[in-house]
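I have placed the structure first, in the form of structure tokens, so that the comments after it can refer back to it.
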Amino acid sequence: MSRKSVWFVVVLLTFQMLGCGSDEAGAGPECGLDERYNPILDACEPARTLMNNTDDMGEDVSDEVDMGENPEPDMSQSDMPEEDSGPDLPDGLTCLTDLDGDGHYAIECGGDDCDDTNRSRSPSATELCDRIDNDCNDEINDGIDCSFYAHSNTKLYRIDPFKFTTQELGSVPGLFDIDTHPDGTLYGLTSSQLYTYDPQSSMWTAFPNELGVNLGTANGMAIDEDGTAYVTGGNTLYTVDLTNGSATAVGSGNYNSSGDTVITKQGVLYMTSSRTLNTDTLVLVEGSDGSGDLVGATNHRGIWGLTAAWGDVYGLTEDGELIAIDSQTGASTLIHQFGISFYGAASTPNR
Ligand SMILES: [Ca+2]
Ligand SMILES: [Ca+2]
Ligand SMILES: [Ca+2]
Ligand SMILES: [Ca+2]
């Protein structure tokens with residue numbers, strides 16, 4: 001072949017190669033809009049086969065695939081954000097949870113708040129007379145006296161309405177009822193005489209004079225915040241002056257004193273009445289004239305002791321029961337059976 005012929009062949013091959021490259025897609029059959037020509041198969045195939053991870057030439061095309069507006073994130077290890085480990089925790093704590101905001105972390109986190117739903121319970125809280133362990137030391141009402149005076153026909157006791165303990169203190173001189181002055185002095189009454197109690201000697205001391213009015217069948221006594229004693233007997237209300245031990249009849253009401261009267265922390269005078277039902281009813285008494293308004297049935301009988309203690313009203317029955325009384329409705333709930341036939345009870349000094 002001459003040099004001219006050789007040059008011609010080279011030019012021709014070059015032209016065909018360039019031409020074939022640009023015309024390759026068109027070298028096969030006519031393909032539809034959603035198809036493309038596969039030169040290996042020499043046939044049209046659906047364009048979506050690009051979704052496979054290989055292209056026409058068997059190469060990986062994963063990065064070429066258009067995944068739309070929400071492509072799957074590449075979670076390869078090198079692209080993972082570093083995990084936020086949070087603030088450093090003090091020794092012994094696994095979390096910093098203080099739901100009740102009392103400054104103590106929950107015990108579930110390794111903290112010292114035994115109740116993270118109650119601000120009145122934490123190691124910083126003061127132990128109070130109630131049914132819970134306020135200071136989180138696993139003891140209820142530890143270190144404080146949560147008892148009130150009560151008596152039978154012969155003996156004086158201190159009764160704890162939370163732990164249900166009793167302490168026998170000594171005898172009583174035939175008293176029909178007792179109550180505590182706001183200054184802490186315990187007074188007792190018979191139908192003719194006023195007494196005070198000395199806790200040091202466990203002795204009762206009678207006032208030098210008699211009451212001046214025979215209280216007859218009186219059976220209830222309550223002392224208000226000013227130091228005036230209210231006494232209920234039958235359908236009559238009396239007062240007793242604690243400075244001189246003299247009694248005065250105030251008036252009568254539509255009731256029959258069942259066994260006690262009480263003055264609440266709010267200064268309201270109540271009594272239990274046995275006038276109409278087999279069980280006692282709670283009656284609100286007007287201290288100025290002795291009239292009474294029915295509050296509601298207690299569904300307990302023989303409530304001969306009433307006490308206002310730590311904000312609640314309790315009843316003690318001749319059958320030895322301790323009951324909690326709702327002063328709004330009169331409804332009462334049995335809390336404990338002490339097995340003592342109670343005659344009377346005294347409120348705590350701060351009611
Ligand atoms: Ca807390
Ligand atoms: Ca708490
Ligand atoms: Ca405690
Ligand atoms: Ca407590």
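For the stretch 303-351, max minus min Cα coordinate along each principal axis, in Å, sorted largest first?
Answer, in whole Å and largest first: 26, 24, 15 Å.
May I ask for the net charge around E168, where only other residues with Cβ less than 12 Å from the Cβ of E168 are counted and Lys, Arg are +1 while Asp, Glu are -1? All intermediate terms of the calculation are to be shown ahead of the outcome.
Working: positive: K155, R158; negative: none.
After counting each charged neighbour, the total is +2.
Within the stretch 116-135, what residues put their amide N at less than 17 Å from the label point 7 Å along the Cα-to-Cβ vector of K163?
127-135
Just report the Cα centroid separation between the stretch 271-340 and the stretch 238-261, whole Å.
The two parts, judged by their Cα centres, are 17 Å apart.
Relative to the Cα centre, what is the charge dipole magnitude of the stretch 148-345, using +1 at the beta carbon of each Lys and Arg, -1 at the beta carbon of each Asp and Glu, and rounding to the nearest 20 debye? Could the numbers behind the result be given before it?
Numbers: 6 positive and 21 negative charges, 79 e Å.
For this selection, approximately 380 debye.
I'd like the carbon and sulfur percentage of the solvent accessible area for the stretch 92-141, probe radius 1.4 Å, heavy atoms only, ligands and nucleic acids excluded. Could the numbers behind the result be given before it?
Values: 1400 of 2780 Å².
Its accessible area is 50 percent carbon and sulfur atoms.
Computed FRET efficiency, Cβ-Cβ of T205 and D91, R0 56 Å: what is it to the nearest 0.05?
Numbers: r = 61 Å, r/R0 = 1.08.
Between T205 and D91 the formula returns 0.40.
Any idea of the accessible area per residue across the stretch 92-141, 1.4 Å probe, to the nearest Å²?
56
Using a 1.4 angstrom probe, figure out how much accessible area the stretch 148-345 has per residue, in square angstrom, rounded to the nearest whole.
Value for the stretch 148-345: 41 Å² per residue.
Show the residues, 5+ positions off or on another chain, whose built amide H is closer than 5 Å to the amide H of S246.
The list, which skips near neighbours in sequence, is D241.
With the full set of protein chains in place, find how many percent of the accessible area of the stretch 215-351 is carbon and sulfur; take the probe as 1.4 Å. Numbers along the way, then the final one.
On the way: 2290 of 5260 Å².
Using a 1.4 Å probe with all protein chains present, the stretch 215-351 comes out at 44 percent carbon and sulfur.
Name the long-range amide H neighbours of M203: under 5 Å, sequence gap of 5 or more, or other chain; modelled H, no Pro or chain starts.
Those qualifying (amide H under 5 Å, at least 5 residues apart or on another chain) are D198.
The values are calculated or read from the model by the stated rules, or taken from the named source; none is laboratory data. Everything numeric in this text was worked out from a predicted model, so none of it was measured. Note that we place each Cβ from the backbone using ideal geometry, even for glycine, and neighbour counts take in every protein chain shown. Protein only, heavy atoms only, side chains kept; ligands, DNA and RNA dropped before computing areas. Shrake-Rupley method; radii C 1.70, N 1.55, O 1.52, S 1.80 Å.
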